[in-house]
Amino acid sequence: MNKTMQALSNEGKMLLALMRAALRGTFDRPVDWDAACSAEALKEMILRQSLVTMVYPVIQRQTGAPWKRLEHDLKPMYEREIHKAVTQEYEIQVLLDAMERDGIDCLPMKGWVMRRFYPDPLMRSMSDFDLLIRDMDSRQMESWMKKQGYTPEHVDQETHDVYYKPPYMNIELHRRMLDPEHLSKSESEWADKHLQTLWDPEKCLPEKKHIYGLTNEDFYIYHISHFYKHFTGSGAGIRLLADTWLFQKEKGETLDRTYLEKQLEALHILEFSKRMGQAAAACFDGKARLD
């Protein structure tokens, strides 16, 4: 851990300090400004990692000229992101209610579910809303989504279709949980088989007949799979580590480890899961642990 921390830039260390305060709920605890830290570089890092809504409430509570300049510079983006998040909350619920009403079996994924593990869901920004649709017919869904006010952007894709509704709503309707392009033959077979288990009527959300939910184990499997895809592809930001830490903190003690490890091993990401758990602990607990 010490070597990891030594490798971080001054701005990286400051960002971690802000994230720890936000995730632990210690907003009012002073964070000492490092004179060697570039406020501009820190701001760019916060924006690039989509962490404004997470760390701005901590920055607001700090004293000193550098903190106040940073607060001033981030305020317009924070206000926009909060407006975006509130709009998303409303529009997504409207969309889910319409799917329940019209009998469209669906399962919310990724950030929309992960947000509930944060101290405040608005801290976890989303660029889009991912929704798995059972037996999705792109043309039928295109007609239905248009009636809900959405414009199709990419339709009849192999894994997901994309829709937009101004000013902020980007919707991805998925037919698969995992992208087959990033899976081996055995992993694709596992994914196809496992997909069928998700539509058990007992997994519907309370008082719903068409809105499904993932077990905590399955949610973590797909979270780590998504994390691994980005880690080995375009790159993974530190927010995915924050997601991992929060989930483990909230649900880690209750997980069926035997089932979980068996599924992660089938996808060849069990070791990756352990290492990311250690990295998350190093960042946010201040110690390494094996998950």
Counted residues, segment 10-48 - those being among the β-branched types (Val, Ile, Thr) and either over 15 Å from MET123 (Cβ atoms) or in contact with a strand residue (DSSP E or B) (Cβ under 7 Å, 6 or more places away or on another chain) (or both): 1
Restricting the search to segment 178-193, which residues are touching a Ser or Thr at 6+ places or on another chain (Cβ under 8 Å) and closer than 14 Å to LEU132 by Cβ? LEU178, ASP179
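Yes/no matrix, rows are residues, columns are (1) more than 26 Å from ASP192 (Cβ to Cβ); (2) touching a helix residue (DSSP H, G or I) at 6+ places or on another chain (Cβ under 8 Å); (3) basic (Lys, Arg):
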site: TYR90; (1), (2), (3): yes, no, no
site: ARG101; (1), (2), (3): yes, no, yes
site: CYS106; (1), (2), (3): no, yes, no
site: VAL113; (1), (2), (3): no, yes, no
site: PHE129; (1), (2), (3): no, yes, no
site: LEU132; (1), (2), (3): no, no, no
site: GLN148; (1), (2), (3): yes, yes, no
Looking only at helices (runs of 4 or more DSSP H) that fall completely inside segment 208-281, which ones have 2 or more residues that are out of contact with any strand residue (DSSP E or B) (no Cβ under 8 Å at 6 or more places or on another chain), among the charged types (D, E, K, R) and open to solvent by 50 Å² or more (accessible area, probe 1.4 Å)? 238-251, 257-266
Quick check on segment 87-99: of everything there that is buried (at least 18 other Cβ atoms within 10 Å of the Cβ) and closer than 20 Å to SER143 by Cα, which residue is farthest from the chain's Cα centre (by Cα)? MET99
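Residue check: is LYS84 within 11 Å of the chain's Cα centre (by Cα) and either at pLDDT 95 or above or buried (at least 17 other Cβ atoms within 10 Å of the Cβ) (or both)?
no
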Of these, PRO121, PRO166, PRO152, which one is free of Cβ contacts under 8 Å to residues at least 24 places away in the same chain, open to solvent by 30 Å² or more (accessible area, probe 1.4 Å) and touching a helix residue (DSSP H, G or I) at 6+ places or on another chain (Cβ under 6 Å)? PRO152
Over segment 104-118, the set of residues open to solvent by less than 40 Å² (accessible area, probe 1.4 Å) and outside any strand (DSSP E or B) is ILE104, ASP105, MET109, GLY111, VAL113, MET114, ARG115, PHE117, TYR118
HIS182 vs. criteria open to solvent by 60 Å² or more (accessible area, probe 1.4 Å) and touching a residue at least 24 places away in the same chain (Cβ under 8 Å): yes
Return the residues of segment 46-56 that are surrounded by 18 or more Cβ atoms within 10 Å (Cβ to Cβ) and not polar (S, T, N, Q); say none if nothing qualifies. ILE46, LEU51, VAL52, MET54, VAL55, TYR56
Quick one: how many residues across segment 233-260 are touching a residue at least 24 places away in the same chain (Cβ under 8 Å), among the hydroxyl-bearing types (Ser, Thr, Tyr) and farther than 19 Å from SER50 by Cα? 2
Give the residue that is modelled with the lowest pLDDT, with candidates limited to residues of segment 179-205 that are closer than 30 Å to ASP97 by Cβ, assigned to a loop (DSSP other than H, G, I, E, B) and within 23 Å of the chain's Cα centre (by Cα). ASP179
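The values are calculated or read from the model by the stated rules, or taken from the named source; none is laboratory data. The structure presented is a predicted model; accordingly, all values stated were derived computationally and were not measured. Cβ atoms come from the backbone with ideal geometry, glycine included; neighbour counts cover every protein chain shown. Ligands, DNA and RNA are stripped out before the accessible areas are found, and what is left, the full protein with its side chains, is counted by its heavy atoms. Shrake-Rupley method; radii C 1.70, N 1.55, O 1.52, S 1.80 Å.
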